[in-house]
Every structure is written in C-alpha cells, then in structure tokens.
Amino acid sequence: MGDKLTWKVPYARPMAIVRALAHLRNKPLRLRWYLTSKGADLQNLRMDSGLAGLLENLREARSSVLGREALVPTRFSVFGLLNVQDTASDMDPEFARAVYGKLLRELGEDAVLEFSHSLRRSNYGEHGGDVSLVDYGQAGLDEFLKEYGEAFRAILDEVLREKHG
C-alpha cells in the first residue's frame with residue numbers, strides 16, 4: 001500500500017437512497033447494467049438522484065480489481081459506501097491539458113470526448129513513480145481503458161517525460 005490512504009465516501013441525499021432502493025427492488029437484475037452502462041436513461045441512479053458517488057465508487061472498485069492500466073489502486077471497498085484508495089500527489093493542471101490534447105490527437109475525438117469529464121480535468125496523480133487517474137468511476141470509462149489502456153499509459157508516460165525534460 002501507499003504511504004497514505006484516501007477514504008472516499010459518496011454523498012447522497014436520504015430521499016435519493018429511498019428512491020434508488022425502491023427502483024432496484026422492482027428491477028434487481030439491472031444493478032450491473034447501472035454500474036457499467038453509458039446510457040442516457042439512468043436518471044433514477046445518476047447525478048440528479050444524488051447517488052452518483054456511490055456508483056462511481058462501485059465502478060472504481062470494479063476497475064481496480066480488473067487491473068486496468070493507469071489507475072491509482074482502490075485497495076478496499078465496502079459496497080461503494082466506502083472506498084479506500086492509495087493517495088497520489090497532485091499533478092499540475094497543465095499536465096492534464098497536455099494529456100487531453102495528445103489523447104485527442106492520437107486516439108481521436110470519437111474515443112475521447114465522451115470521457116472529457118475524467119480525462120480533461122486535473123484528475124491525475126503521481127503514484128509509485130507513475131502518473132495515473134485518481135477518480136475513474138465515470139460510466140463507460142472502464143470500457144475506454146479496456147480498449148485504449150496501453151495507449152493511454154504510453155501517452156501519460158510521454159507527457160510526463162516532456163514535462164520533466
């Protein structure tokens with residue numbers, strides 16, 4: 001484990017939890033779909049319901065277990081209610097802009113634009129000598145990393161080398 005640990009606890013409004021549980025009680029087999037889907041009709045369990053953090057924690061735990069490239073590891077998760085992740089030191093926001101520009105040029109807009117929320121902002125940290133994503137619970141990002149993980153890792157390493165001369 002890293003020198004420090006980060007504890008992630010999702011924020012959810014109490015009524016949002018009640019609505020989500022009622023929805024899942026009626027359609028229990030849909031939970032996996034909610035965790036992996038990129039669909040736009042996830043309104044009951046997305047940002048507007050206040051449960052986005054819970055779903056993001058669940059996705060982060062799943063991605064970390066699958067060993068996806070370029071992720072700060074989630075070491076432990078209690079059903080998404082609590083995630084324990086290694087702590088990564090923050091990267092300069094300019095680093096994120098450089099990575100995002102290179103991703104657009106090398107992988108193309110079709111592959112990258114959908115994940116600009118995760119890939120564009122200062123969402124990178126230095127961990128174990130590498131630069132990795134800190135928050136990676138966005139719906140569909142796991143599939144992006146499955147397909148482009150090695151190229152993504154190479155771009156992170158290249159931009160880091162350019163920054164450090």
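A short reminder: the numbers here are calculations on the coordinates, not readings from a lab. Remember, predicted model here, so these are calculated numbers, not experimental data. Cβ atoms come from the backbone with ideal geometry, glycine included; neighbour counts cover every protein chain shown.
Checking the structure you have, find out if any residue of segment 92-110 is more than 11 Å from residue 156 (Cα to Cα) and among the hydroxyl-bearing types (Ser, Thr, Tyr). No, because not a single residue in segment 92-110 is more than 11 Å from residue 156 (Cα to Cα) and among the hydroxyl-bearing types (Ser, Thr, Tyr).
Yes or no, residue by residue, for (1) farther than 18 Å from residue 59 by Cβ; (2) surrounded by fewer than 18 Cβ atoms within 10 Å (Cβ to Cβ); (3) in contact with a strand residue (DSSP E or B) (Cβ under 8 Å, 6 or more places away or on another chain):
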site	(1), (2), (3)
89	yes, yes, yes
111	yes, yes, no
121	no, yes, no
135	no, no, no
139	no, no, no
145	no, no, yes
149	no, yes, no
156	yes, no, yes
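In the set 131, 84, which member is surrounded by fewer than 17 Cβ atoms within 10 Å (Cβ to Cβ), among the aliphatic types (A, V, I, L, M) and not in a helix (DSSP H, G or I)? One residue alone meets the criteria, 84.
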